[in-house]
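The values are calculated or read from the model by the stated rules, or taken from the named source; none is laboratory data. Only a predicted model underlies this, so the values are computations on that prediction, with no experimental measurement involved. Glycine gets a Cβ as well: all are built from the backbone with ideal geometry, and neighbour counts include every protein chain shown. Keep in mind that these areas ignore ligands, DNA and RNA; they rest on the heavy atoms of the full protein, side chains included. Shrake-Rupley method; radii C 1.70, N 1.55, O 1.52, S 1.80 Å.
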Amino acid sequence: MEALMLRLAGPLQAWGERGAFGEKDTADIPTRSGLLGLIASAAGIRRGAPLGALTELDFTVRIDRPGVRLIDFHTAGGGYPKGHGIPTAEGKRKDSAVITRRHYLADAVFTVAVTGPAHALDQAQAALETPCWQPFLGRRSCPPEQPMLLGRTPDAETALRTAPLPPRPQSQRGPVRVDIVRTAAPGDATAWSEMLDDCDAFPRGDRRYRARPVQRTTETLSSDLAETGTDYLDRLAAFMEANRA
């Protein structure tokens, strides 16, 4: 199946799935809603506007490096005059600061195969090649490393098994085992779990997400993909050249 290949890497990523105001969580992989938001932002689609053909896209995530969970402590609403603090559910205002915690993945790397009809892939590719607004990895404080768009390939599964992996320590030799997370068909008995990340729009008010069944498998890849003797960026450049549209 034809696919756009993305590399999602950066100092921090945050793919919220179930977080509330005081505790903004992150899933351990990029969510469907987060990836749609990334592409919609690049396409210049404003919040609340229909996503159009982008809703036909699907995403398969290879976990190249899971990263380390990090929690950032924040306060909000402190120092305001009385009656101007954080609003409450009762319509009043708090007189003190509200404690919030934001969860991130630090130093994570993912390879994502974006699949779907050709017209949807065309729109996504054009947006990512010349983004209208800055793409970000789940939150605006999380810009991506480059290169992010690795090209367009006629075979998503082959690309997921041949895209370069980040270098590993010399002590870690031999085949590489990685997890790959795919969308499962509804009712599929092989579904591993569910993620609450399926949506068709990003309204300004109440956002509602549907559960998406996912299948997670552990697969063995060639150690050459994480070769330490060659430069990672050179290997990425060669993969991009091979998948130039």
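If you plug the beta carbon distance of ASP200 and HIS74 into 1/(1 + (r/R0)^6) with R0 = 25 Å, you get a FRET efficiency near 0.25. For the chain, with all protein chains in place and a probe radius of 1.4 Å, 53% of the accessible heavy-atom surface sits on carbon or sulfur. Since only GLY37, PRO154, VAL114 are under comparison, the one whose Cα sits farthest along the positive direction of the charge dipole of the chain, derived from C-beta charges on Lys, Arg, Asp and Glu, is GLY37. Taking trypsin sites (Lys or Arg not before Pro) as exposed when DSSP calls them loop and at most 13 other C-beta atoms lie within 10 angstrom, the chain has its longest site-free stretch at 93-139. How far is helix 32-43 tilted, in degrees, relative to the longest principal axis of the Cα atoms in the chain, given as a value from 0 to 90 rounded to the nearest 10? The answer is roughly 90 degrees. For the chain, a crude dipole built from +1 on the beta carbon of Lys and Arg and -1 on the beta carbon of Asp and Glu, taken about the Cα centre, is about 1040 debye to the nearest 20. Think of it as helices only: each DSSP H run of n ≥ 4 in the chain is worth -39500 (n - 2.57), and spread over all residues that comes to -5000 deg cm²/dmol at 222 nm. Taking amide H as placed 1.01 Å from N in the peptide plane, the amide H of GLY67 sits under 5 Å from that of VAL109, each at least 5 places away or on another chain.
Give the shape of segment 99-190 as rounded, prolate or oblate, defined through the alpha-carbon gyration tensor: a ≥ b ≥ c are the square roots of its eigenvalues, a/c under 1.5 means rounded, and otherwise the shape is prolate if a/b is larger than b/c and oblate if not. Rounded, because the longest to shortest axis ratio a/c is under 1.5. Once the Cα atoms are used to define both axes, helix 118-129 deviates from the longest principal axis of the chain by about 70 degrees.
Maximal additional length on extending the ALA126-THR190 stretch stands at 19.6 nm, based on 0.36 nm per residue less the C-alpha distance.
Exposure here means at most 13 other Cβ atoms within 10 Å; with GluC sites (Glu not before Pro) in a DSSP loop as sites, the longest stretch of the chain lacking them is 146-245. The gain in end-to-end length when the ALA211 to GLU157 segment is fully stretched comes to 17.0 nm, 0.36 nm per residue minus the alpha carbon separation. Between THR55 and LEU236, how high is the FRET efficiency from 1/(1 + (r/R0)^6) when r is the Cβ-Cβ distance and R₀ = 45 Å? Nearest 0.05. Step by step, r from the Cβ atoms, then E = 0.95.
Accessible area per residue for the chain is 52 Å², calculated with a 1.4 Å probe on protein heavy atoms, without ligands, DNA or RNA.
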